[in-house]
Amino acid sequence: MPPDQPAKIAEVARLRRLLTPAVRASLPPERLAEIDRLLGSDGLQPLALADLPPSLTAGLRESDGSLGRVVLVFPRLTKRLWQTSLLEGFIGKLREVATCGVPPGARPGRVAGTLPVSADITASLQRDAPRASLAALASVGVVVAVIFRGSRTGLVVIGSLLVGIIWMVGATFLFGIKVNYANFAAFPITFGIGVDYAVNIMARFRQERARRPRDALPADPTGIVERVVLSTGGAVTLCSLTTVIGYSSLLLAKNQALFLFGAVAVIGEVSCLFAALLALPALLLVWRRLTARL
């Protein structure tokens, strides 16, 4: 509601008295029409809350029927508000004002809206994202250990997954993709899907070695690794391509959040696939001592 209404009404009345017929005759018609529009011609009365239409006050009325306790803030919408540090600082300042602007012992004011929710989600992501990622990675490690019965093969599979994750993170930095609450979910999903490629490669490698007596196996595992990549590698690639195609459909979305989620997911799939088909076989070929113990 406008403050100092009686004083303003008195000032309008004074200005009307100053507009004598002589003064009005000296003004251009367009200026005179503008002055009459601003000063009005009817008697002015102070405006009270009861005079406002219910449709205007419905969203501002508290449950106890009181009004005047809601403050609407209209910040200038710029890209600075979507920068994490600036957004959290802005919302933190609003909450500080809402807390300090109430009498001692009263309940502090609440800050609500799209920007506060975004700031809270971002803060929660910064706190919980590493925990969720570590929990997902640990769970994947437990499943791999169960599949390979705690042998060294499971460690090699997890190593392949870690290589894919490193490539995935490096690619996001290379392409300038920022991790947010919309595309963060691609990381735990990639852990669960990406490890499957290395699991199939290693399982087939162990099957190929088990087909012949251990004393008949050549010292060089090149032939075994080559058969594994040529046979199981094709199936693993096809499986990954179906997932990549599904994620790639999100790259056509106009929504930036869906686009970035699809981009991170595709990068994760490709990284884990190349880690299973290139890094893992290379490790098996180079590290012969490890190969002999698997």
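The values are calculated or read from the model by the stated rules, or taken from the named source; none is laboratory data. Computed from a prediction, not measured in an experiment: that's the story for all the values here. Reconstructed Cβ throughout: ideal geometry from the backbone, glycine too, with neighbour counts over all protein chains shown.
Key figures
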| quantity | calculated |
| --- | --- |
| Residue list for the range 150-178, restricted to those being buried (at least 16 other Cβ atoms within 10 Å of the Cβ) and more than 21 Å from F274 (Cα to Cα) | none |
| Those residues of the range 98-149 which are surrounded by 11 or more Cβ atoms within 10 Å (Cβ to Cβ), part of a loop (DSSP other than H, G, I, E, B) and not aromatic (F, W, Y), in sequence order | G101, V102, P108, G109, V111, G113 |
| Filtered residue count, the range 129-172, keeping only those that are modelled with pLDDT of 90 or more and not aliphatic (A, V, I, L, M) | 8 |
| Complete set of residues in the range 182-211 that are among the basic types (K, R) and either surrounded by 19 or more Cβ atoms within 10 Å (Cβ to Cβ) or not in a helix (DSSP H, G or I) (or both) | R204, R211 |
| Residue check, L81 of a type in the set (A, V, I, L, M), more than 26 Å from L49 (Cα to Cα) and either assigned to a loop (DSSP other than H, G, I, E, B) or modelled with pLDDT under 80 (or both) | yes |
| Qualifying residue in the range 35-43 (condition: more than 21 Å from Q5 (Cβ to Cβ) and either under 52 Å from the mean Cα position of the chain (by Cα) or loosely packed, with under 10 Cβ neighbours inside 10 Å (or both)) | no |
| Some residue of the range 73-82 being exposed (fewer than 10 other Cβ atoms within 10 Å of the Cβ) and either basic (K, R) or in contact with a strand residue (DSSP E or B) (Cβ under 9 Å, 6 or more places away or on another chain) (or both) | yes |
| Some residue of the range 188-210 being more than 30 Å from F90 (Cβ to Cβ), over 27 Å from the mean Cα position of the chain (by Cα) and of a type in the set (D, E) | yes |
| Failed item in (1) exposed (fewer than 15 other Cβ atoms within 10 Å of the Cβ); (2) among the small types (G, A, S); (3) under 24 Å from A135 (Cα atoms), with G246 passing the rest | (3) |
| Hits in the range 212-240 - residues which are more than 35 Å from the chain's Cα centre (by Cα), at pLDDT 85 or above and hydrophobic (A, V, I, L, M, F, W, C) | V228, V229, L230 |
| Residues (small (G, A, S), over 19 Å from W167 (Cβ atoms) and either in contact with a Phe, Trp or Tyr (Cβ under 8 Å, 6 or more places away or on another chain) or outside any helix (DSSP H, G or I) (or both)) located in the range 232-284 | A253 |
